[in-house]
1. Which one of the conditions (1) part of a helix (DSSP H, G or I); (2) surrounded by 15 or more Cβ atoms within 10 Å (Cβ to Cβ) does residue 261 fail to meet, given that it meets all the rest?
2. Residue 352: at pLDDT below 95 and surrounded by fewer than 19 Cβ atoms within 10 Å (Cβ to Cβ), yes or no?
3. What strands (runs of 3 or more DSSP E) lie completely within region 160-250 and have 2 or more residues being surrounded by 20 or more Cβ atoms within 10 Å (Cβ to Cβ)?
4. In the set 190, 217, 200, which member is at pLDDT 95 or above and either within 27 Å of residue 8 (Cβ to Cβ) or out of contact with any helix residue (DSSP H, G or I) (no Cβ under 6 Å at 6 or more places or on another chain) (or both)?
5. Please count how many residues of region 130-154 are in a loop (DSSP other than H, G, I, E, B) and either without any contact (Cβ under 8 Å) to a residue 24 or more places away in the chain or farther than 16 Å from residue 75 by Cα (or both).
6. Select from region 46-88 the residues that are touching a strand residue (DSSP E or B) at 6+ places or on another chain (Cβ under 6 Å) and either at positive phi or surrounded by fewer than 16 Cβ atoms within 10 Å (Cβ to Cβ) (or both) and list them in ascending order.
7. Scan region 33-45 for residues that are touching a residue at least 24 places away in the same chain (Cβ under 8 Å) and either in contact with a helix residue (DSSP H, G or I) (Cβ under 7 Å, 6 or more places away or on another chain) or surrounded by 11 or more Cβ atoms within 10 Å (Cβ to Cβ) (or both) and report the count.
8. Wholly within region 1-101, which strands (runs of 3 or more DSSP E) include no fewer than the required count, namely at least 3 residues that are closer than 20 Å to residue 113 by Cβ?
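The values are calculated or read from the model by the stated rules, or taken from the named source; none is laboratory data. If you're wondering where the values come from, they're calculated on a predicted model, not measured in any experiment. Cβ atoms come from the backbone with ideal geometry, glycine included; neighbour counts cover every protein chain shown.
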């Protein structure tokens, strides 16, 4: 089997490559930057393609010829202020990959969607894959994921020879994702050790998040490559992440703060360029429902190894240890890199894509 993986150097992509090492597959990796020639990236043919560019579809079409399946994992999170770039990456990039797969005659597309596609209205309740998919409008990530799925709806209705599998995981975490999360959440000049010195935890006590380990998502992808069933599959550990889990792993005292107050503070500090977390992420955290994973269990034979609180604990441990990998997306958050980044391009709270 020959598969092409977009976003192959990211959180899920790296775990998937590691999972496929012992499988009889020929893997082609797509990334904006070629990773170092070391495990799990060695022994793979690489193509450097930015899916946000106008030529992405044509370039992907050439790569996808004689391919059995394409796994589309590429996603843009930053810079949050460059809305046009994120939309071109997450929405237009998905359209380019899917259109290229149709043109190249690829029989199967496995698309990494998200629980963020689900519409508000079922918070702290489990929904199956038939729940409304209009996303949370104030969250750019959610809006883009929902828009990408609607594009796939149109392509799927007209592409007779290609089947599409959509995986909708909750919050994905692992130890090696620690540094990446620190880069997304903390301003460049804030040191990483701040994670160990959080005395209080301002949080609405209603928080309830579906979570899943990165390795478990990779396992679901492998099953989706050969399973005869198609459609959407929710992926989540049985137990959601709640406020007491955050308290336990961060050793911080919870301070109940209403969601609307937290949202106002986040919006004000984002508007003032003091931090880079868009308030839409907070909206998403309090609107994403819990996930009924019956379909994945029965049709993919999928069972997660880690439960939700364990996923959070492992991820926070990675943040504490400033854990990372050798690819650009997973690189360690070093003080020298942060300072150089600020001097060269300005703080990420003000940054736009070059």
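1. (2)
2. Values: at pLDDT below 95: yes; surrounded by fewer than 19 Cβ atoms within 10 Å (Cβ to Cβ): yes.
Here the answer is yes, as residue 352 does meet what is asked.
3. Details: elements: 163-169, 171-173, 200-203, 211-213, 231-235.
Once the strands (runs of 3 or more DSSP E) in region 160-250 are filtered for at least 2 residues that are surrounded by 20 or more Cβ atoms within 10 Å (Cβ to Cβ), what remains is 163-169, 171-173, 211-213, 231-235.
4. Working: 190 fails: at pLDDT 95 or above; 200 fails: at pLDDT 95 or above.
Being at pLDDT 95 or above and either within 27 Å of residue 8 (Cβ to Cβ) or out of contact with any helix residue (DSSP H, G or I) (no Cβ under 6 Å at 6 or more places or on another chain) (or both) holds for just one of 190, 217, 200, which is 217.
5. Taking region 130-154 as the starting set, the residues that turn out to be in a loop (DSSP other than H, G, I, E, B) are 130-139.
Filter once more, so that each one left must be either without any contact (Cβ under 8 Å) to a residue 24 or more places away in the chain or farther than 16 Å from residue 75 by Cα (or both): 130-138.
Qualifying residue count for the region: 9.
6. 68 - this is the single residue of region 46-88 that is touching a strand residue (DSSP E or B) at 6+ places or on another chain (Cβ under 6 Å) and either at positive phi or surrounded by fewer than 16 Cβ atoms within 10 Å (Cβ to Cβ) (or both).
7. Taking region 33-45 first, the residues touching a residue at least 24 places away in the same chain (Cβ under 8 Å) are 33, 35-36, 38, 40-41, 44.
Now restrict to residues that are either in contact with a helix residue (DSSP H, G or I) (Cβ under 7 Å, 6 or more places away or on another chain) or surrounded by 11 or more Cβ atoms within 10 Å (Cβ to Cβ) (or both): 33, 35-36, 40-41, 44.
Total meeting the criteria: 6.
8. Values: elements: 2-6, 26-31, 45-48, 69-72.
Per the criteria, 2-6, 69-72.
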